[in-house]
Amino acid sequence: MGRLYTADMNQPKNLLSIGTFADMTRLSIKALRLYDQLDLLQPRHVDLQNGYRFYGIDQLSSARLIRNMREMDMPLVTIRQVLAALDSSPEQAEALVKEYAELREQQVAQIRMQVQHFIQLIQQENNPMSLEVNVKQVASQQVLSSTQHIKVNKLDGTIKSALDAMYALLKAQKLEAADAPFGIYHGAINEQEDGPIEICLPVSGTVNGKGEITVKQLQGGDAACVMTVGVETDFPAILGAYDAAADWINKNGYAMAEPPREVWHSGPGTDPKMEIVWLFK
């Protein structure tokens, strides 16, 4: 049932004033007005003469659900999705809330790691520990390439899926990778930004792409390279390698030629090994 507009000065029967409704739901009047404007929770009746809003008793449950979701710090756009799903599929609504909870848990874990990194940066200022930067000549490479727009919570899974598809494509064409795979971050990837990341697998010879996997040639040139092993490859510790390469390029009067490459010399395991390769000019 939508809202009803009348010029009746008296409170409609069986409806609650916005003040009473706010008290019963523990939502502020300001919040209720906002939810009305956003079509999240419209009053059952609005008096045309004074603009007073009135709500039905049957709307209490929806309002309390909205309050509960806001207490989870859930964005209004997600709340809208949950409320829409409730009408047709409570199971889908439950799945959306669980997905949001998992995202928040990942965000908390990310914050904890960033706090550790922050402390490490402060400690390094007092006790400098420099990562070794080596300059290498990187040859031009033919690669299989797949560019993906994804948030940080799906980063590892997306990289794995893309590389699995690339290795399967090479196997089908009786070919092998020519070197270690790597990623090029063309933009930031975090909870809000989605990159993109370009996932690359070097290959030689004649090879055909398929679907999202294309074949392209990457330029070579001089590069500032920083090798990391073990815990140095973990996030956010790996950011130190990016910083070291960028600082070396700037300190020596060069400019970045392209976004840095994160070379995955080994997969996840007991002895991870990753290298930051940053071409400069």
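Brief remarks on what is shown
- In the context of the full set of protein chains, the chain has a per residue accessible area of 59 Å² (1.4 Å probe).
- Segment Asn68-Tyr167, extension gain: residue separation times 0.36 nm, minus the distance between their alpha carbons: 31.0 nm
- Residues Trp248, Trp264, sorted by accessible area with the largest first, give Trp248, Trp264 [1.4 Å probe; ligands and nucleic acids excluded].
- In terms of accessible area, using a 1.4 Å probe and ignoring ligands and nucleic acids, Arg44, Arg33, Arg26 rank largest first as Arg26, Arg33, Arg44.
- Counted by Cβ distance under 15 Å from Gly220, the other residues give a net charge of +1, where Lys and Arg count +1 and Asp and Glu count -1.
- Backbone N within region 193-215 under 18 Å of label point (7 Å from Glu176 Cα along the Cβ vector): 201-207
- Residue-level accessible surface for Lys273, protein heavy atoms, 1.4 Å, Å²: 90 Å²
- Selection among Val97, Leu175, Gly230 by position relative to the dipole of the chain gives Val97 as farthest towards the positive end (Cβ unit charges, Cα centre).
- For region 45-138, the fraction of 1.4 Å probe accessible surface lying on carbon and sulfur atoms is 54 percent.
- Solvent-accessible surface (1.4 angstrom probe) belonging to Thr78, in square angstrom, nearest 10: 30 Å²
- Comparing Glu99, Glu198, Glu91 in a Gaussian network model of the chain where C-alpha atoms under 10 Å apart are linked, the largest mean-square fluctuation is found at Glu91.
- Solvent-accessible area of Val77 with every protein chain in place, 1.4 Å probe, in Å² to the nearest 10: 90 Å²
- Total formal charge among the other residues, if their Cβ is under 12 angstrom from that of Tyr35, Lys/Arg +1 and Asp/Glu -1: +4
- Under 30 Å from the Cα of Lys216 - lysines, other chains or at least 8 residues apart: Lys136, Lys151, Lys154, Lys160, Lys171, Lys174, Lys273, Lys281
- Of the residues Met24, Met69, Met227, the one that moves most in a GNM of the chain with alpha-carbon contacts below 10 Å is Met24.
- Centre separation in Å (Cα based) which lies between region 200-222 and region 64-87: 44 Å
- Within-12-Å neighbourhood charge of Lys154 [Cβ basis; K, R +1; D, E -1]: -3
The values are calculated or read from the model by the stated rules, or taken from the named source; none is laboratory data. What you are looking at is a predicted structure, and each value in this text was computed from that prediction instead of being measured. Cβ coordinates were reconstructed from backbone atoms using ideal geometry, including for glycine residues, and neighbour counts include every protein chain displayed. When the accessible area is computed, the model is the full protein with side chains, heavy atoms only, and any ligands, DNA or RNA have been set aside. Shrake-Rupley method; radii C 1.70, N 1.55, O 1.52, S 1.80 Å.
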